[in-house]
Amino acid sequence: MKALKLTVCVLFFAVCSFFSLAMLIGGSSFITEGGVEKPELFTEDGINRSFGSEYEEYFSRAFAYRRYVVDLWSDIRINLFAEGNDQVVVGRDGFLFFADTVDSYAGLDPMTDAEIEAAADSLLALQDYAVSKGAEFCFLPAPDKNTIYPENMPSRYIKAERTDLDRLLEALTERGVAFVDAREALTDAKSSALVYHRRDTHWTPDGAGTAFGLLAKKLGFKAVDTSLLGRVDSEIQGDLDTLLYPGRTLTEPTETPDFSEEYIYTSAYSTPMDMIITTRGAGSGKALVFRDSFCNALIGYFASSFSETTFERANPYRIDLVGSDCDFVIVEIAERNLKDLIGCDERISGEENQN
């Protein structure tokens, strides 16, 4: 027994020493998340009394070959226990789910009645302001992936009968706020196409197109006819795969309508997550879209359907961008982030005071 304990202790310290000393090898240490910098023992104010805890956090994210250790640990957990990590839930049929969506899926820690009312009031204020400028308004919540694919969630998670999204849409109905509920259409569409990526949080181009078609019907504008466009094969690196495997590049095939001849960027475009994106397209009318990452797959649809489109990610929303020539104002947000709607109309009071 003593020999076993001694062997375990020796192995433990040998492993720790290896990963510590290996940090001296160039390129072996790479911080993959959190942006933690190596702490200094001495600062301008003297000894850094928090050095121990700061270095512990730094080492946990920057020890040598961390990416490959995390990859190996993910393989062990997934293959032996069908479990991910604190950010990723491993589901059935190769599906991964973002752990932050579990609460809304299972009805855990629901929004209070006051929070639902506040979110609904904010959207009502945005609608009233848009209408006062001559624009039509619509709210487009992007359902969480497990809302559309509950059958692929692990059986230990039970879907709530009434979710925050249900409650919010009821409050919006009472206030007369226009919205599109894409859940039924997406659920129907998944029988013939994959509407959410297996290894990513977001909907596929087909899923986004389904929601966009509902939006066009609701607001009465002419949507781009994707049946007349070609299709482009590509590979995406799923954001959930990245959380599980920081040392690998895993991809998932996808197919996107070819919007390349339908619009151009008129802003200094860098990535789909730019804070503001402007486009000029082959359609007619002008649209302002307040959005999050789910709108990345919608950019081509919007930009091709309007002559001018502005996509804005700031929250509170840049209501000052609603000009007198704006035809449509759309608010798109992921189901898991409904709380972020509270106070999203704060800029309205400042805009009205300036006028």
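The calculated FRET efficiency for the pair LYS133 and ARG231, based on their C-beta separation and a Förster distance of 35 Å, comes to about 0.40. Taken as Cα centroids, the range 197-257 and the range 291-347 sit 18 Å apart, rounded to the nearest whole angstrom. Summarising the amide proton neighbourhood of TYR196: residues at separation of 5 or more, or on other chains, whose placed amide H is nearer than 5 Å comprise THR204.
Treat the count of other C-beta atoms within 10 Å as a stand-in for reagent exposure and order SER307, SER104, SER155, SER267 from fewest to most.
Working: SER307 16, SER104 25, SER155 7, SER267 13.
Least to most surrounded, the residues fall as SER155, SER267, SER307, SER104.
Counting only Cβ charges, +1 for Lys and Arg and -1 for Asp and Glu, the dipole size of the range 98-354 around its Cα centre is about 420 debye.
Compare the Cα positions of PRO253, THR204, SER267 along the charge dipole of the range 98-354 (+1 at Cβ of Lys, Arg; -1 at Cβ of Asp, Glu; about the Cα centre) and return the one farthest towards the positive end. Checked the options; the winner is PRO253.
First check a/c for the range 98-354, with a ≥ b ≥ c the square roots of the eigenvalues of its C-alpha gyration tensor; if it is under 1.5, answer rounded, and if not, answer prolate when a/b is larger than b/c or oblate otherwise.
oblate
Placing dummy labels 7 Å off each Cα toward the beta-carbon, the span from ILE47 to ASP100 is 4.0 nm. Where a ≥ b ≥ c are the square roots of the eigenvalues of the C-alpha gyration tensor, would you call the range 154-219 rounded, which needs a/c under 1.5, or, failing that, prolate if a/b is larger than b/c, or oblate? Oblate.
I need the peptides 90-99, 208-217 ranked by packing, meaning the mean over residues of other C-beta atoms within 10 angstrom, with the highest value on top. Provide the component values of the computation, followed by the final result.
Details: 90-99: 17.4, 208-217: 20.7.
The peptides rank, most packed first, as 208-217, 90-99.
Remark on ASP258: its backbone amide H falls under 5 Å from those of GLY230, ARG231, VAL232, a criterion applied only to residues 5 or more positions apart or on other chains, H modelled at 1.01 Å from N.
Each value in this text was obtained by applying a stated rule to the coordinates, not by laboratory testing. Since the model is a prediction, treat every value here as computed from it, not as a measurement. Glycine gets a Cβ as well: all are built from the backbone with ideal geometry, and neighbour counts include every protein chain shown.
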